[in-house]
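Right, one structure below, let's go through it.
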Amino acid sequence: MTADKFAGRVAVVTGGAGGIGRALAEAFLQRGARVVLADVDPQALERTVADLRKDGGEVVGVVTDVTSRRSVEALAEEVRRQFGAVHLVCNNAGVAVFGPLREARHEDWEFAMAVNFWGVVHGIEVFLPWLLEQGQGGHILNTASMAGLVGMEWLGIYSASKFAVVGLSEALYRELKLLGIGVSVLCPMMVDTRINENSVRLRPAALRAPGVEPLVPPAEAMKGGVIPPAEVAQRVVRGIERGDLYILTHPEQREILRRRAERLDRMFDPDRW
Ligand SMILES: NC(=O)c1ccc[n+]([C@@H]2O[C@H](COP(=O)([O-])OP(=O)(O)OC[C@H]3O[C@@H](n4cnc5c(N)ncnc54)[C@H](O)[C@@H]3O)[C@@H](O)[C@H]2O)c1
């Protein structure tokens with residue numbers, strides 16, 4: 001197993017055409033990795049691949065829809081054809097769905113789960129057997145969210161999809177620890193990307209409730225520390241290097257998570273039993 005987690009290694013990043021995925025790709029390239037970007041948006045993917053190649057990066061793009069297992073299998077076939085190996089799998093593609101749960105449509109649940117949950121499952125189903133059989137170590141990074149650690153108003157559906165990603169990442173971390181494969185789950189708060197526009201634009205007709213426009217979040221919900229994707233990517237690089245299970249990005253998370261842990265802990269006080 002090589003000591004350097006990036007140099008000469010092959011990284012696959014889903015949702016790599018923009019936002020956090022693109023920043024991850026840039027950070028991995030800087031560290032000497034070869035990168036495969038997978039994204040459902042062909043134009044954005046083409047632009048990003050061209051940009052990254054200008055800087056001399058060894059990068060290829062593969063149009064992929066992570067909601068389809070067959071599409072993720074085709075991605076793996078292309079990675080094998082181009083590079084013959086895989087070491088770092090970033091299940092990062094995701095969409096945002098906003099609105100109060102009492103107004104949720106079935107299509108909202110299906111859309112969020114198809115990308116945020118099944119997209120991660122497909123990445124694991126397809127790439128984990130390869131990582132294990134290859135025997136060169138490796139790392140799986142799943143992008144969840146702070147909403148995967150704390151349930152938030154207006155983000156109930158999104159939170160459910162991201163809690164699932166945190167849960168499966170925790171289990172996978174324990175299962176793969178002794179097999180030389182690291183697992184991290186990235187849980188950022190707000191990051192400066194186009195996720196809200198993309199999530200409306202990319203939503204397939206079959207997953208739109210007829211006559212209902214997807215909601216965008218109210219401005220006050222979006223206040224607070226918004227950080228650039230490059231900052232998230234630096235955290236990820238360090239987190240992977242250290243083998244951290246959780247990768248957190250916003251200092252304000254500390255207090256919120258502490259309060260949650262305390263609320264749970266208080267439920268064990270003798271007067272609660
Ligand atoms: N931006 C934030 O504030 C924030 C906070 C916490 C977590 N996240 C998570 O970070 C991840 C990346 O989001 P982002 O903020 O960079 O958004 P983004 O929209 O900039 O990037 C997401 C990418 O995923 C792609 N994508 C969407 N559906 C796909 C599909 N079915 N198959 C393949 N690719 C698909 C999009 O085309 C886009 O390029 C997501 O999982 C998101 O939930 C984002």
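The values are calculated or read from the model by the stated rules, or taken from the named source; none is laboratory data. These numbers were taken from a predicted model, which means no experiment stands behind them. Note: ideal-geometry Cβ built from the backbone for every residue, glycine included; neighbour counts use all protein chains shown.
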Discussion item. I need every pair where a residue in segment 192-215 that is among the β-branched types (Val, Ile, Thr) has its Cβ under 7 Å from the Cβ of a residue that is within 7 Å of the ligand (Cβ to nearest atom), sequence separation at least 6 or different chains.
Written reply: Thr193/Gly18; Thr193/Gly19; Thr193/Ile20; Thr193/Pro229; Ile195/Gly19; Ile195/Ala96
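Per-residue answers, yes or no, for (1) touching an Asp or Glu at 6+ places or on another chain (Cβ under 8 Å); (2) surrounded by 15 or more Cβ atoms within 10 Å (Cβ to Cβ):
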{"residue": "Ala7", "(1), (2)": "no, no"}
{"residue": "Val10", "(1), (2)": "no, yes"}
{"residue": "Gly19", "(1), (2)": "no, yes"}
{"residue": "Gln30", "(1), (2)": "no, no"}
{"residue": "Leu45", "(1), (2)": "yes, yes"}
{"residue": "Asp51", "(1), (2)": "no, no"}
{"residue": "Val59", "(1), (2)": "no, yes"}
{"residue": "Thr64", "(1), (2)": "yes, yes"}
{"residue": "Ala74", "(1), (2)": "no, yes"}
Worksheet, complete the sentence: Condition set out of contact with any helix residue (DSSP H, G or I) (no Cβ under 8 Å at 6 or more places or on another chain) and of a type outside the set (S, T, N, Q), scope segment 177-205, selection nearest to His139 (Cα to Cα): answer is Gly180
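Given the options Val212, Val236, Val183, name the one that is at pLDDT below 95 and surrounded by 12 or more Cβ atoms within 10 Å (Cβ to Cβ).
Testing whether each residue is at pLDDT below 95 and surrounded by 12 or more Cβ atoms within 10 Å (Cβ to Cβ) leaves just Val212.
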Item to complete: Note down all Cβ pairs under 9 Å where the first residue falls in segment 106-117 and is at negative phi and charged (D, E, K, R), the second is outside any helix (DSSP H, G or I) and buried (at least 24 other Cβ atoms within 10 Å of the Cβ), and they're at least six residues apart or on different chains.
Response: Asp108/Val97
Worksheet item: Which residues, taken from segment 98-138, are within 15 Å of the ligand (Cβ to nearest atom) and aromatic (Phe, Trp, Tyr)?
Response: Phe98, Phe111, Phe117, Trp118, Phe127
Fill in: Among (1) touching a residue at least 12 places away in the same chain (Cβ under 8 Å); (2) of a type outside the set (D, E, K, R); (3) over 17 Å from Ala11 (Cα atoms) - the single one Gly167 does not satisfy
(1)
Practice prompt. Answer with yes or no whether Glu133 is under 24 Å from Ala11 (Cβ atoms), surrounded by fewer than 18 Cβ atoms within 10 Å (Cβ to Cβ), modelled with pLDDT of 95 or more and within 15 Å of the chain's Cα centre (by Cα).
Written response: no
Fill in: Matching residues in segment 165-191 - criterion: being within 12 Å of the ligand (Cβ to nearest atom) and assigned to a helix (DSSP H, G or I)
Val165, Val166
